[in-house]
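Contents: one structure, followed by commentary.
The values are calculated or read from the model by the stated rules, or taken from the named source; none is laboratory data. All values reported here derive from a predicted model rather than from experimental measurement. Positions of Cβ are generated from backbone atoms using ideal geometry, with glycine treated the same way; all protein chains shown enter the neighbour counts. Accessible surface areas use protein heavy atoms only, side chains included; no ligands, DNA or RNA. Shrake-Rupley method; radii C 1.70, N 1.55, O 1.52, S 1.80 Å.
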Amino acid sequence: QVQLAESGGGLVQAGGSLRLSCTASGISFALSGVGWYRQAPGQQRDFVASITSGGQTIYADSVKGRFTISRDNVKNTAYLEMNSLKPEDTGVYFCRSNFRNIYWGQGTQVTVSS
């Protein structure tokens, strides 16, 4: 059974930091690309960052220089380090794995207060 479990969300003041985790089971994690997406209330789900199986990273322009995506294949976990958070970073953050099939986690809420 495939499962992606996000954790690490919460309420933080603007300028603060959070680290999100996405732990996978039931998939070949080391061979999977992993992405983080976020969805604000009433908005579409938007791309935030991704990391390939080889460690190459891509970021949305809005988070470049503030967010860092990484992975630990031993722990089957991907991370999203978020610094200098802004109120517009508020939303539900989802992780997505991509290897032969695409899987999504259930999401974790991030709320940044001004």
Residue tally, condition closer than 13 Å to CYS95 by Cβ and open to solvent by 20 Å² or more (accessible area, probe 1.4 Å), over region 34-71: 8
Candidate set: region 81-114, residues that are over 13 Å from the mean Cα position of the chain (by Cα) and part of a helix (DSSP H, G or I); chosen: the one farthest from ALA49 (Cα to Cα): PRO87
Selection within region 33-71 - farther than 23 Å from PHE99 by Cβ and among the charged types (D, E, K, R): ASP61, LYS64, ARG66
Flag for SER25 being open to solvent by 40 Å² or more (accessible area, probe 1.4 Å) and polar (S, T, N, Q): yes
Members of region 99-114 that are surrounded by 14 or more Cβ atoms within 10 Å (Cβ to Cβ), at pLDDT 95 or above and not β-branched (Val, Ile, Thr): TYR103, TRP104, GLY105, GLY107
Subset of region 72-98 [over 17 Å from ASP46 (Cα atoms), surrounded by 15 or more Cβ atoms within 10 Å (Cβ to Cβ) and among the aliphatic types (A, V, I, L, M)]: ALA78
Region 58-70, subset assigned to a strand (DSSP E or B) and not hydrophobic (A, V, I, L, M, F, W, C), residue nearest to LEU4 (Cα to Cα): SER70
Whichever residue in region 6-20 is out of contact with any Cys (no Cβ under 9 Å at 6 or more places or on another chain) and part of a strand (DSSP E or B) and, among such residues, is surrounded by the fewest Cβ atoms within 10 Å (Cβ to Cβ): GLN13
Qualifying residue in region 71-79 (condition: without any contact (Cβ under 8 Å) to a residue 12 or more places away in the chain and either part of a strand (DSSP E or B) or hydrophobic (A, V, I, L, M, F, W, C) (or both)): yes
